[in-house]
Structure formats: structure tokens, C-alpha cells
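Presented below is the structure to which this report refers.
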Amino acid sequence: MHPRDQTIFALSSGRPPSAIALVRVSGPQAGEVVTVLAGRLPPPRMATRALLRDVGQRPIDDAVVFWFPGPASATGEDVAEFHIHGGRAVLSALFAALSAFADVRTAEPGEFTRRAFENGKLDLTEAEGLDDLIHADTDRQRHQALRQLKGLLGDRARDWRVRIIEASALIEAGIDFSDEGDVPAELIAPALAKVKALLSEIEDVLAGQGRSERLRDGLVVAIAGPPNVGKSTLMNQLARREVAIVSPHAGTTRDVIEVQLDLDGYPVTVIDTAGIRETDDPVEQEGVRRARARAADADLVLWLSDSPQAAIHHDGSAPIWKVRNKIDLGEAGRPLAEPGQASFQISASRGDGVPELINALVGFAQNYFGGSESGLIGRTRQRKLLEDVVAALRRCLAVVGQGEELAAEELRSAGHSLGRLLGRVDVEDILDVIFREFCVGK
Ligand SMILES: Nc1nc2c(ncn2[C@@H]2O[C@H](COP(=O)(O)OP(=O)(O)OP(=O)(O)O)[C@@H](O)[C@H]2O)c(=O)[nH]1
Ligand SMILES: [K+]
Ligand SMILES: [Mg+2]
């Protein structure tokens, strides 16, 4: 039997032990499985208490079971749910009982969602939103994932696709007429008007999103600077706990230390690094190398110093904010500001100036991720395909004077990219990649 036609099962709730565990079964044999284990087929969609027994009539657990006959189920297939006690032995007894059925096997990561997708229960952007919702750590990530799950991008993409098909139909009709020597202008003009309107709508969506797709990974902020200026002290302030060792000894931090922060709902990874200086100590040299590499990859660098004349040693393209530390040591110092660069005066050990720095970081994140209240784009894949659509529509407008066939071809290409966005065409290759990222049991 093809793996696609087999019945799958998985633990869909968290890691055992837990009070309750949820095991889902989906596929043609779900009904037989629940009938054998629960002793009867429960009424559809009703919580039903049952003593589960394996095929040898040995009891497994006192459980609550659900029976969802397809297609009105989460996957579109027959689905059974077992709500059991979440102990390891209970789970392994149930898994053994399930595996004893022929053509019933454990699910691959994301396989339930993939089946739901293949049965038309959700489009690809919604499936991606579902995965993002499960992995959301912050409120803004959750909101963005929910928008995707609600199908906001999918709905827009479907509408765009219909309108591209309408424009294509007009142009194709024009091509047919022109074979008869007719003037197709009345067909071409409205088609081009449609294409122009579409183009500006999609461009607006792309422009208004900032880098909303980066909300999934979060923003990386590196704290860098010379040794002993208080980088680790600032790190601990931002993290509100002692994640990094602080000492008066220059060269304390060697490894790159990371913390995940939730800054006003924005996911931010802050990185503390080794103080950058020339050194003969090979371990510290390695620390400095790593520090420079991580700072070069960051989205923002906080360059910390404790003196007004701090030189910056930084290779990346990220913006750099100069932060002057230890202002409590008197001689508050002249501002470090240079034209176009942010400047902060703080005392990392006392906390002075840290709230202002955090506010500025939130502002940076807002700006970076764009108006994420309206963020439709959740992934780089989606942005890339929308950019392909825009490029094809622009080419369509550019080539229409040279021949309607060329314009029609560009519209087909735009429609194709939207089809890929929704998971309608050409998708086998990307489906594997996308669903493999999912949790098992989802
Ligand atoms: N007075 C004062 N001392 C500070 C301040 N911030 C840090 N220090 C002190 O400066 C010393 C170095 O602090 P660290 O946080 O270890 O500095 P670092 O930049 O991480 O040092 P390395 O990891 O060795 O590069 C420690 O003794 C801290 O207590 C501050 O705002 N004011
Ligand atoms: K230090
Ligand atoms: Mg340090």
C-alpha cells in the first residue's frame, strides 16, 4: 500500500509525562482502529468514555475517544482521537496496539497537515501559518501566524489570480481576433488597466510589510566593543538575569552568548561577544574571531565603549549604535554622537539609560519588521513569489507593444507564481521542505 494511503498516528500533545495526552489517528482504518480499541464505534464528534483494550483484550487505559468521519474532519480523512493519561507506559502501550494493525504506522512530521492540505482543507499559506502559530514565542509572531492561518494572504492571492486570468482571457481573445485582421484595442486596453491595478496593489503589499517575514526568526542584536567596557553587564540588564559572567578582568567573555528576548512582542536575540582586541592568547583570539563574525551577521550592532574616543572595528553592513557606558563614573563625557548615528549614554551596572536604549530597540524593531499589524507576508518564500509576480506583470506591460503573445506569456508566468504561493501548481518539491519543518503529530 502506498504510504499516502496508510493510516497514520502520532502523539499530538506535549512531551510525556503529562496529565492528558492526545493521540490522533487519520486514514481509512481510523474507524476500524477505534472500534477495536474502544469496543465500539463512538457516535461522531461526541466525547465518549471508553476502556481501551488491545487486540488481545488487555486493558490499556481509561480514555475519552472521538470519532470524526471524513471528510468533515481536520485532515479530510476519517480521524479518531484518543485522550489518554499522559504517562510514558500508557503511550507506549497504545502505540504498540496501534502499530499492530496492518497499514497503520506512525506519522511523519507535518503529515496530518499535509493530508489536510492535499484534501483542500487549507492552502499552503494557511499551512505555513499553522506551523508558525505552533512555533510562535511572542505576541506579534502569534498575531502574524493567525493572520496567515485565517487565510488573509491566501484570499488576496486567490483574488489576484482570478484577475490575472481575466486579463489573460481578454488578451487571448485579442490574439484570436487579430488573426482575423481585427483591431483588438478594446480588449487590450481593459486588460492592461487590470494589470496596472494589480501591479500597484501587489507592490503596495510588498512595500507595506517591512520585513514581516523575518518575524519568524527575530532580530539579531550584537553587543560588541573593546574588552571590559561592560558588554556582559549590559547583556544581563537586557536579559534581566545573570546570563553572562561579569568581572573586572579584561577578556572575561570568550564564547558568544545568546539570549532570546521578547521586546514588546518582537522576538529579539541579543548576543554578547568577546571584547575585540589584539591578543596572544589563542583562546581569546578565537573568541575575538567569533565575536567579529557574529557582529558582522547581526541586524544591529550596539558598539559599547567606556571612553569618548572609541574606535569601531566592525565589518558588517548592519547599522551601528554607539553606546557610551559607565557614565556613573563621573565626567559624564561629551556625547558620542556623530551625524546620522544613534548615541546612548548608559550605566549598565546601575541601569541608567537602559530603558531609553530598550525603547529605541523597540522602535528599531517596529521599523524593521514594518507595520506588522497588517503583515500579510509570513515567509521569504511568499515574498519571493510575490516579487516574481510583480516582475512578470511589469514585463507584461513592457512587452505588450511588441506583441500580445509575449504579454500573455508574462501573465501566465504571474499566475503560475501565485499558484505556487497557494500550493496549487508545481509544488511537490517545496511541500517536502515545508512539511518536514512541522512538528510530529501536526
Ligand atoms: N562603574 C561601572 N562599572 C561597570 C559598568 N558596567 C560594567 N562595569 C564594570 O566593568 C567591568 C567589566 O564588565 P563586563 O560586563 O565584564 O565587561 P565586558 O565588556 O563584558 O568585558 P569582556 O567580556 O572581558 O570583554 C566589571 O567590573 C563591571 O562591574 C558601569 O556602568 N559602571
Ligand atoms: K570583563
Ligand atoms: Mg563580557
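Some notes on this structure:
- Only residues that are crowded, with 18+ Cβ neighbours inside 10 Å and in contact with a His (Cβ under 9 Å, 6 or more places away or on another chain) were counted in the stretch 291-309, giving 4.
- Sub-9 Å Cβ pairs linking a first residue in the stretch 147-171 that is more than 19 Å from E203 (Cβ to Cβ) and without any contact (Cβ under 8 Å) to a residue 60 or more places away in the chain to a second residue that is open to solvent by 10 Å² or more (accessible area, probe 1.4 Å) and assigned to a loop (DSSP other than H, G, I, E, B), at least 6 apart or interchain, are L149/L122; G151/L122; G151/D123; L170/P184, ordered by first then second residue.
- Annotation: of all residues in the stretch 246-272 being touching a strand residue (DSSP E or B) at 6+ places or on another chain (Cβ under 6 Å) and more than 16 Å from ligand 3 (Cβ to nearest atom), the one that is farthest from L357 (Cα to Cα) is Q260.
- Filtered by the rule that a residue be part of a loop (DSSP other than H, G, I, E, B) and within 20 Å of G441 (Cα to Cα), the stretch 3-46 gives Q6, S12, S13, G14, R15, P16, P17, G27, P28, Q29, R45.
- Against the numbered list (1) within 29 Å of Q141 (Cβ to Cβ); (2) free of Cβ contacts under 8 Å to residues at least 40 places away in the same chain, A193 comes up short only at (1).
- Subset of the stretch 244-301 (residues that are at positive phi and either more than 13 Å from ligand 2 (Cβ to nearest atom) or of a type in the set (S, T, N, Q) (or both)): D264, G265
Residues checked against (1) hydrophobic (A, V, I, L, M, F, W, C); (2) outside the structural domain of R24 (by the TED database); (3) in a loop (DSSP other than H, G, I, E, B):
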| site | (1), (2), (3) |
| --- | --- |
| A63 | yes, no, no |
| P109 | no, no, yes |
| F112 | yes, no, no |
| R115 | no, no, no |
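- Any hit, the stretch 120-127, residues being small (G, A, S), open to solvent by 40 Å² or more (accessible area, probe 1.4 Å) and part of a loop (DSSP other than H, G, I, E, B): yes
- S349 vs. criteria assigned to a loop (DSSP other than H, G, I, E, B), at pLDDT below 95 and among the hydroxyl-bearing types (S, T, Y): no
- The stretch 386-415, residues that are small (G, A, S), open to solvent by less than 50 Å² (accessible area, probe 1.4 Å) and over 20 Å from E186 (Cβ atoms): A391, A392, S413, A414, G415
- Flag for S232 being modelled with pLDDT of 95 or more and under 31 Å from the mean Cα position of the chain (by Cα): yes
- Check on R147, open to solvent by 70 Å² or more (accessible area, probe 1.4 Å), out of contact with any strand residue (DSSP E or B) (no Cβ under 6 Å at 6 or more places or on another chain) and assigned to a helix (DSSP H, G or I): no
- Evaluation of G353 against (1) open to solvent by 30 Å² or more (accessible area, probe 1.4 Å); (2) in contact with a strand residue (DSSP E or B) (Cβ under 9 Å, 6 or more places away or on another chain) (one fails), failing number: (1)
- Tally, over the stretch 243-285, of residues that are acidic (D, E) and within 11 Å of ligand 1 (Cβ to nearest atom): 3
Each row is one residue, and each column tells you yes or no for (1) modelled with pLDDT of 95 or more; (2) more than 15 Å from the chain's Cα centre (by Cα).
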{"residue": "Y368", "(1), (2)": "no, yes"}
{"residue": "S374", "(1), (2)": "no, yes"}
{"residue": "R381", "(1), (2)": "no, no"}
{"residue": "E387", "(1), (2)": "yes, yes"}
{"residue": "V390", "(1), (2)": "yes, yes"}
{"residue": "G419", "(1), (2)": "no, yes"}
{"residue": "L431", "(1), (2)": "no, yes"}
{"residue": "G441", "(1), (2)": "no, yes"}
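- Strands (runs of 3 or more DSSP E) (entirely within the stretch 182-290) containing at least 1 residues that are open to solvent by less than 70 Å² (accessible area, probe 1.4 Å) and among the charged types (D, E, K, R): 266-272
- Failed condition for K231, given (1) without any contact (Cβ under 8 Å) to a residue 40 or more places away in the chain; (2) within 16 Å of ligand 3 (Cβ to nearest atom): (1)
- Unmet criterion (only one of (1) assigned to a loop (DSSP other than H, G, I, E, B); (2) open to solvent by 20 Å² or more (accessible area, probe 1.4 Å); (3) in contact with a strand residue (DSSP E or B) (Cβ under 7 Å, 6 or more places away or on another chain)) for E81: (1)
- Condition check for S168 on (1) more than 16 Å from ligand 2 (Cβ to nearest atom); (2) touching a strand residue (DSSP E or B) at 6+ places or on another chain (Cβ under 9 Å); (3) of a type in the set (S, T, N, Q); (4) assigned to a helix (DSSP H, G or I): one failure, at (2).
The values are calculated or read from the model by the stated rules, or taken from the named source; none is laboratory data. Values in this document were obtained by computation on a predicted structure and should not be read as measured data. As a convention, Cβ positions derive from the backbone with ideal geometry for all residues, glycine included, and neighbour counts pool all protein chains shown. Note: accessible area is taken over every heavy atom of the protein model, side chains too, but ligands, DNA and RNA are not part of it. Shrake-Rupley method; radii C 1.70, N 1.55, O 1.52, S 1.80 Å.
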